[in-house]
């Protein structure tokens with residue numbers, strides 16, 4: 001009989017990596033970015049529909065137009081929530097990619113650049129001022145410049161984030177704790193909060209009030225565009241929630257803020273965005289006042 005040879009047991013196959021699950025994580029931030037784009041598209045369509053209803057000229061049409069403008073403003077506010085989540089989720093899951101960064105920037109140009117520029121135009125001076133008048137042309141120009149400033153703000157942020165050491169001398173160094181210039185979602189949020197607070201189209205207020213309110217809105221739009229391309233520092237709040245204690249406080253704050261928004265959205269949203277927009281100016285003023293005594297001491 002042939003000798004029975006000992007057969008060595010085969011080594012167990014290695015457990016395959018769960019690559020499918022890992023790849024699926026990369027889709028989550030992109031899904032929130034896609035939702036951001038959807039909200040921007042909804043805001044644009046609602047703005048166009050509201051502008052169309054304003055042209056009808058009846059009281060019922062004006063009421064429906066106000067509802068459309070309000071829906072557009074709410075869509076921009078929801079888009080801000082999605083925009084905040086996609087970046088935070090990408091950092092938490094370590095799924096940040098170059099294509100995701102570019103995808104997010106394109107979404108921001110649409111939702112926080114084109115959509116609010118169109119919304120503020122159709123809601124205010126676009127419908128209230130005579131076509132072709134100097135004030136109407138100025139409003140058209142300022143809406144366009146708001147869009148251009150927002151696009152430049154995003155381009156500058158992407159360049160600074162990608163290669164901060166290659167920026168020319170004199171450029172503000174990128175800091176994770178703060179943004180350089182007003183972020184475009186907050187600029188759009190300011191316009192959306194104002195419209196959500198008073199969605200009635202300006203044409204209903206009469207000629208004199210419509211011109212006055214249109215001038216104020218133009219000034220606000222110009223200021224927001226200027227703040228976006230400025231070098232003012234704005235808090236990024238990226239460090240919030242990194243520790244256990246701050247996470248608990250953040251959860252409580254979000255819960256309280258959410259309830260207040262649900263009950264008093266028109267007032268809470270407008271006050272919150274206004275405070276954020278102004279805090280960059282206040283910080284710059286305090287730093288300027290603080291530097292003056294130091295400059296006097298060094299000159300002595």
Subject >> Enumeration of residues in the range 80-101 that are under 15 Å from the mean Cα position of the chain (by Cα) and either over 30 Å from residue 210 (Cβ atoms) or at pLDDT 95 or above (or both) >> reply: 81, 82, 83, 84, 85, 86, 87, 88, 101
Subject >> Exclusive hit being under 22 Å from residue 148 (Cα atoms) and either modelled with pLDDT under 90 or surrounded by 17 or more Cβ atoms within 10 Å (Cβ to Cβ) (or both), set 269, 252, 260, 227 >> reply: 227
**OP:** Filter the range 64-76 for residues that are under 17 Å from residue 197 (Cβ atoms) and surrounded by fewer than 20 Cβ atoms within 10 Å (Cβ to Cβ) and give the result.
**Re:** 67, 71
Original post:
Quick check, is residue 67 out of contact with any strand residue (DSSP E or B) (no Cβ under 8 Å at 6 or more places or on another chain) and within 22 Å of residue 124 (Cα to Cα)?
Top reply: yes
Subject >> Of the criteria (1) at pLDDT 90 or above; (2) in contact with a strand residue (DSSP E or B) (Cβ under 6 Å, 6 or more places away or on another chain), which one residue 234 fails >> reply: (1)
Original post:
So, in the range 107-153, of the ones that are farther than 21 Å from residue 64 by Cβ and outside any helix (DSSP H, G or I), which residue ends up nearest to the chain's Cα centre (by Cα)?
Top reply: 129
Original post:
If you take the residues in the range 273-289 that are touching a residue at least 12 places away in the same chain (Cβ under 8 Å) and under 20 Å from the mean Cα position of the chain (by Cα), which one is nearest to residue 233 (Cα to Cα)?
Top reply: 280
Original post:
What are the residues in the range 145-179 that are surrounded by 14 or more Cβ atoms within 10 Å (Cβ to Cβ) and either at positive phi or at pLDDT 85 or above (or both), if any?
Top reply: 145, 146, 147, 148, 149, 150, 151, 152, 153, 154, 156
Original post:
Given the residues 44, 76, 28, which is the only one that is in contact with a helix residue (DSSP H, G or I) (Cβ under 8 Å, 6 or more places away or on another chain), modelled with pLDDT of 95 or more and more than 19 Å from residue 183 (Cα to Cα)?
Top reply: 44
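The values are calculated or read from the model by the stated rules, or taken from the named source; none is laboratory data. Note that this is a predicted model, so its numbers are computed, not measured. Neighbour counts run over all protein chains shown; Cβ positions are idealised from the backbone, glycine included.
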